[in-house]
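Structure first, then comments.
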Amino acid sequence: MLNHIREKIGKGEPVFGAAVTMLDAGVSEMLGCAGFDFLWIDMEHTAITKAHALAHLMGASSGRTAGFVRVPWNDPVLVKPVLDMGPDGVIFPFIRSAEDARLAVSACEYPPKGIRGCGPRRAVRYGADDVMAYLRDGSRSFWKIIQIEHVDCVRNLDAIAQVPGVDCWMIGPTDLSGSVGCLGDENAPEVQRLLDEIGAKAAQHRVLLGAFTGDDPATLQRWKARGVKVFTLGGDGGYLMSAARASLQQARRSVWGIGQR
Ligand code: 3PY
Ligand code: MG
């Protein structure tokens, strides 16, 4: 599934994903059927447990959709069992320094390169794959994605860009706005300035750039202009809520003439 994404990125095409916050793996399968290139299975802000994450990855891989898992924190103890599930990528929240980025990559690499403990399961198709090859090069089979969502991270991007093994920088605009005192206001001038700076640094260091963009056309244009190639457009909760509200509103208004409550 990552090959599919790599191919598109290689051709200069954008890729599109959606966040998964619900527990039912059918949600991942459904979003895959909707055509998303990747899913962002979120263990940071949801009740998704390891068992749910595993089922979501299976749901995603039933189609052509890559499954990325956002771990709750940049902690090798939390990362290890997720890696053994064979995700297509791991998203590390709140990276603030080169040391943080090095720890994230190290958690993904077996010795002598890193500190990952050995017990791959689904990651080696339960032994059907060449296990020794995986122990040597397995970390190439999934992306190590670090989130830029704190002003400290932006200040340290030159050093972070020197950390080998990071595949993508993923902007978290909401927490980034919180780190400069304007939580939730992505349009605040200081946040916009930081986003421009991130775009420039990603271009300078030739790093693949992603973001939680939303799907508003004007905003998407701005992300595109900043060099973003990996777009996270929305998530299961938002999609359900907006479709549910639209359906209810249309029924009430069209037949009964009842306006919005
Ligand atoms: C953020 O915007 O803070 C994220 O982590 C993306 O949802
Ligand atoms: Mg965040």
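The values are calculated or read from the model by the stated rules, or taken from the named source; none is laboratory data. What you are looking at is a predicted structure, and each value in this text was computed from that prediction instead of being measured. Here the Cβ is made from the backbone with ideal geometry for all residues, glycine too, and neighbour counts use every protein chain on show. In case anyone asks, the SASA skips ligands and DNA or RNA and just uses the protein heavy atoms, side chains included. Shrake-Rupley method; radii C 1.70, N 1.55, O 1.52, S 1.80 Å.
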Expressed in angstrom and rounded, the centroid-to-centroid distance over alpha carbons for the range 6-71 and the range 79-107 is 17 Å
Among ALA53, ALA200, ALA133, whose mean-square fluctuation peaks in a Gaussian network model of the chain (Cα, cutoff 10 Å)?
-> ALA133
For the chain: rounded, prolate or oblate by the Cα gyration tensor [a/c cutoff 1.5] = oblate
Report the charge-dipole magnitude of the chain in Debye, nearest 20, computed about the Cα centre from +1 at each Lys and Arg Cβ and -1 at each Asp and Glu Cβ.
-> 400 debye
Give the shape of the range 98-252 as rounded, prolate or oblate, defined through the alpha-carbon gyration tensor: a ≥ b ≥ c are the square roots of its eigenvalues, a/c under 1.5 means rounded, and otherwise the shape is prolate if a/b is larger than b/c and oblate if not.
-> oblate
Starting from the Cα of ALA133, step 7 Å along the direction of its Cβ; do the same at GLN162; then give the gap between the two resulting points in nm.
-> 3.5 nm
Point-charge dipole on Cβ atoms (K/R +1, D/E -1) for the range 173-235, about Cα centre, debye to 20 = 400 debye
Peptides 147-153, 85-91, 237-243: what's the order by average Cβ count within 10 Å, highest mean first?
-> 85-91, 147-153, 237-243
Distance (nanometres) between label positions extended 7 Å along Cα→Cβ at MET30 and HIS4 = 1.9 nm
Once amide H atoms are placed 1.01 Å from N in the peptide plane, what residues at a sequence separation of 5 or more from ILE171, or on another chain, have their amide H within under 5 Å of its amide H?
-> ILE148, GLY210, ALA211, PHE212
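So how do ARG6, ARG155, ARG102 rank on accessible area, 1.4 Å probe, biggest first, that is with the largest at the start?
Putting ARG6, ARG155, ARG102 in descending order of accessible area: ARG155, ARG102, ARG6.
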Within the range 151-184, which residues have the backbone N less than 20 Å from the label spot 7 Å out from GLU109 along Cα→beta-carbon, could you tell me?
-> 157-170
Heavy atoms only, probe 1.4 Å: what % of the accessible area of the range 200-257 goes to carbon and sulfur, would you let me know?
-> 59 percent
For LEU183 and ARG122 in one chain, what is 0.36 nm times their gap in residues minus the Cα-Cα distance, to one decimal in nm?
-> 18.1 nm
For the range 1-119, what % of the accessible area comes from carbon and sulfur atoms, probe 1.4 Å?
-> 60 percent
By the Cα gyration tensor axes a ≥ b ≥ c (a/c under 1.5 gives rounded; else a/b larger than b/c gives prolate, otherwise oblate), the shape of the range 1-106 is oblate
Might you tell me the accessible area per residue for the chain, computed with a 1.4 Å probe and given in Å²?
-> 48 Å²
